[in-house]
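The structure follows.
The values are calculated or read from the model by the stated rules, or taken from the named source; none is laboratory data. Remember, it's a predicted structure, so these values are computed and weren't measured experimentally. Positions of Cβ are generated from backbone atoms using ideal geometry, with glycine treated the same way; all protein chains shown enter the neighbour counts. Only protein heavy atoms, including side chains, enter the accessible area calculation; ligands, DNA and RNA are left aside. Shrake-Rupley method; radii C 1.70, N 1.55, O 1.52, S 1.80 Å.
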Amino acid sequence: MVLAVEGEFLLLADGKSRKVENPKRKKRRHVLFVSAEETRLSEKIINNEKITNSELRRTLAIFREEVQPDQEG
């Protein structure tokens, strides 16, 4: 998830391997846009409110379920 934009760079985190406290810095051209869903977490990021790694992991897990639901049977 994109936490911030610094010029041509994006600050990315997933809450597990890349924590909110130490986001990965990547150039925009190396990142694939997937979705711009409005969530409580995205509102907090836009408003510069503090977010936790658990909030980030939970939001990404919900997104993954919507994109690739478990295929049983």
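Would you say LEU32 is of a type in the set (A, V, I, L, M) and modelled with pLDDT of 90 or more?
no
If I go through region 45-66 residue by residue, how many of them are open to solvent by 50 Å² or more (accessible area, probe 1.4 Å) and either assigned to a loop (DSSP other than H, G, I, E, B) or under 15 Å from VAL2 (Cβ atoms) (or both)?
Of the residues in region 45-66, 7 are open to solvent by 50 Å² or more (accessible area, probe 1.4 Å) and either assigned to a loop (DSSP other than H, G, I, E, B) or under 15 Å from VAL2 (Cβ atoms) (or both).
May I ask you to verify whether SER42 is surrounded by 14 or more Cβ atoms within 10 Å (Cβ to Cβ) and outside any loop (DSSP other than H, G, I, E, B)?
When the stated conditions are applied, SER42 passes them.
Go through region 8-34 and give me each residue that's loosely packed, with under 10 Cβ neighbours inside 10 Å and under 20 Å from GLU66 (Cβ atoms).
The answer is LEU32, PHE33, VAL34.
Filter region 8-28 down to the residues that are assigned to a loop (DSSP other than H, G, I, E, B) and in contact with a helix residue (DSSP H, G or I) (Cβ under 9 Å, 6 or more places away or on another chain) and list them by number.
Of region 8-28, the ones assigned to a loop (DSSP other than H, G, I, E, B) are 8, 13-23.
Within region 8-28, GLU8, ALA13, ASP14, GLY15, LYS16, LYS19, VAL20, GLU21 qualify.
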